[in-house]
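To start, the structure itself, in structure tokens.
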Amino acid sequence: MPNVFVANWKMNGSKAFASEFGRGLLQYLGQRPPAASTLVVCPPFLLIPELAQLFQASGVAVGGQDCAVKPAGAYTGEVSAALLKDAGAEYVILGHSERRSHHAETSAQVRAKAEMALAAGLIPIICVGESENERASGNAEAVVVAQLKASLPNPETPNPHPILIAYEPVWAIGSGNTPTPAEISAMHTAIKAAVAGAEVLYGGSVKAANAAAILGAKGVDGALIGGASLKLEEFCAIVNAAEEL
Ligand code: PGA
């Protein structure tokens, strides 16, 4: 059964939204048997302390959407992994395709960020995915595995958790289009063959209506959810669909 669900709010939300969403999520969790799933909410940086406090002792974790490649210093506008941890985050999304495309983030930088995250005691969620052309060329699996190998932290770096990877085809993010369950399974199998012990989440247009089909695909260990994670009912329906599989 898939068991990790990450809400990626991107640059959305407000203090009022976070408070309402957080309270609603706790209410939903209170009405059902103890969570079989790990839930992680990744809001914009400024909302992390508020959500971390709200979720204290609830089992719901909070994560950042990025961190700096450096531990501290003269890097105006950056947020370090250690500060994320200090603010209450337990996870951090790294190498999201929007970071890679809008901020020209390279796999080497993603790797450096992952090292920072591990050093700070955060669990990195490393994102990888192919473009539409790469999928059309029939090379998607080779492209994604190569991108992943270049983005992962050094295997020698102490890491108490299984490595968490999010497979997010670039063309599926925010588009309403998704690969078929068979294509998702094939990619997750290729990733697991390349990285022993990895847990692999799928991301890209996951919603309540397609959750059972996607999360039921072999090799899918959970989901990274963007747009649908901003609607509490939709987010909870995705988790429910997976838990009912
Ligand atoms: P989406 O985004 O669910 O809105 O497609 C997923 C993501 O970018 O992580």
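The values are calculated or read from the model by the stated rules, or taken from the named source; none is laboratory data. Predicted, not measured: the structure shown is a model, and the values here were computed from it. Glycine also receives a Cβ, built like all others from the backbone with ideal geometry; neighbour counts cover every protein chain displayed. When the accessible area is computed, the model is the full protein with side chains, heavy atoms only, and any ligands, DNA or RNA have been set aside. Shrake-Rupley method; radii C 1.70, N 1.55, O 1.52, S 1.80 Å.
Taken along the Cα-to-beta-carbon direction at a fixed 7 Å, the label points for ALA136 and TYR28 span 3.7 nm.
Using bins 10 angstrom wide from zero, how does P(r) for the range 116-221 break down, in % of all Cα pairs? So the P(r) values, bin by bin, are 15, 47, 29, 8, 0. As a test of the formula, what do you get for the chain when each DSSP H run with n ≥ 4 contributes -39,500 (n - 2.57) and the sum is divided by the residue count, at 222 nm and rounded to the nearest 500 deg cm²/dmol? About -12000 deg cm²/dmol.
Would the range 1-127 count as rounded, prolate or oblate if I go by the C-alpha gyration tensor, calling it rounded below 1.5 in a/c and otherwise prolate when a/b exceeds b/c, oblate otherwise? Verdict is prolate for the range 1-127. In the context of the full set of protein chains, the range 152-245 has a per residue accessible area of 41 Å² (1.4 Å probe).
Could you tell me the calculated FRET efficiency between LYS231 and HIS161, based on Cβ-Cβ distance and R0 = 30 angstrom, to the nearest 0.05? Between LYS231 and HIS161 the formula returns 0.55. Once C-alpha pairs closer than 8 Å and six or more residues apart are averaged by separation and normalised to the residue number of the chain, the relative contact order reads 20 percent.
Among GLY63, GLY203, GLY13, the largest mean-square fluctuation in a Gaussian network model of the chain (Cα springs under 10 Å) belongs to GLY13. Of the residues LEU39, LEU232, LEU51, the one that moves most in a GNM of the chain with alpha-carbon contacts below 10 Å is LEU232. Given the chain, report the % of alpha carbon pairs whose separation exceeds 31 Å. So the pairs more than 31 Å apart make up 17 percent of the total in the chain.
Its residue count N sets the reference 2.2 N^0.38 Å, and the alpha-carbon radius of gyration of the range 110-177 equals 1.24 times that reference.
To put it simply, the accessible area of the range 126-245 at a 1.4 Å probe is 54 percent carbon and sulfur.
Per-atom-type breakdown for the range 11-70 gives carbon and sulfur 56% of the accessible area (1.4 Å probe, protein chains only). Here's the picture: charge each Lys and Arg Cβ at +1 and each Asp and Glu Cβ at -1 in the chain, and of ALA7, ALA81, SER205 the one pushed furthest to the positive end of that dipole is ALA81. Per residue, the accessible area of the range 1-123 comes to 48 Å² when a 1.4 Å probe rolls over the protein heavy atoms. What FRET efficiency do you get for HIS102 and ASN154 if R0 is 35 Å and r is their Cβ-Cβ distance, rounded to the nearest 0.05? With a Förster radius of 35 Å, E is 0.85. Between the C-alpha center of the range 191-218 and that of the range 42-105 there is a gap of 23 Å.
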